[in-house]
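Report on the following structure.
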Amino acid sequence: MEISGKIIVLNDTETIGAKDFKKRLLVVETTETYPQTIPVEFTQEKTTVLNSYKVGDLVKIGINIRGSEWKGRYFANINGWKIDKIDSTSLSAEQHMPDREDVKPINNAVDYEDESDSLPF
């Protein structure tokens, strides 16, 4: 999956535990009609791919969504594995929603006039 937006938070790399697990948080704000702020974690060797990015950059991020259960509670994580800079014209073209005039109606109507005594369901 991919998400696109503007980087609004870019934390430093954290090292956790005795095995030196590395993670780095990036938060993207989408440019949809109703913008969303989405936290994405990059882990281990993927933390270094964020070194050339800064707050304000427009990006497209390849993500995986992971879920887990612990003691009857459920958690979801969004893990990044790829990131690319994009320009503002690419971002608006990707997230274009068609206007009502662009959408063609679907006509699934069935003519039941031949069967006047039968129900259409």
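The values are calculated or read from the model by the stated rules, or taken from the named source; none is laboratory data. It should be emphasised that the depicted structure is a prediction, and the values quoted were computed from it without experimental measurement. Backbone-built Cβ (ideal geometry, glycine too); neighbour counts: all protein chains shown.
Considering the range 10-22 alone, what residues qualify as being under 15 Å from Ile83 (Cβ atoms) and either hydroxyl-bearing (Ser, Thr, Tyr) or out of contact with any Leu (no Cβ under 7 Å at 6 or more places or on another chain) (or both)?
Keep residues of the range 10-22 that are under 15 Å from Ile83 (Cβ atoms), which gives 10-11, 13.
Thr13, the sole residue that qualifies.
Counting only residues that are closer than 22 Å to Val55 by Cβ and either touching a His at 6+ places or on another chain (Cβ under 9 Å) or among the β-branched types (Val, Ile, Thr) (or both), how many does the range 16-32 have? Spell out how you get there, then give the answer.
Pass one, the range 16-32, residues closer than 22 Å to Val55 by Cβ: 22-32.
So of that shortlist, the ones also either touching a His at 6+ places or on another chain (Cβ under 9 Å) or among the β-branched types (Val, Ile, Thr) (or both) come out as 27-28, 30-31.
Counting residues in the range 16-32 that are closer than 22 Å to Val55 by Cβ and either touching a His at 6+ places or on another chain (Cβ under 9 Å) or among the β-branched types (Val, Ile, Thr) (or both) gives 4.
When only residues in the range 54-72 that are part of a strand (DSSP E or B) and touching a residue at least 40 places away in the same chain (Cβ under 8 Å) count, which is farthest from the chain's Cα centre (by Cα)?
Leu58
Of everything in the range 1-53, what is in a loop (DSSP other than H, G, I, E, B) and either under 24 Å from Thr89 (Cβ atoms) or basic (Lys, Arg) (or both)? Give them in sequence order.
Met1, Lys19, Thr30, Thr31, Glu32, Thr33, Tyr34, Pro35, Gln36, Ser52, Tyr53
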Original post:
Thr47 versus (1) of a type in the set (S, T, N, Q); (2) without any contact (Cβ under 8 Å) to a residue 60 or more places away in the chain; (3) more than 17 Å from Met1 (Cβ to Cβ); (4) surrounded by fewer than 16 Cβ atoms within 10 Å (Cβ to Cβ): which is the lone unmet condition?
Top reply: (4)
**OP:** Could you tell me whether any residue of the range 29-36 is surrounded by 10 or more Cβ atoms within 10 Å (Cβ to Cβ), closer than 14 Å to Asn11 by Cα and at pLDDT 95 or above?
**Re:** no
**OP:** Considering (1) under 17 Å from Lys82 (Cβ atoms); (2) hydroxyl-bearing (Ser, Thr, Tyr); (3) touching a residue at least 60 places away in the same chain (Cβ under 8 Å), say which one Thr31 fails and leave the rest.
**Re:** (1)
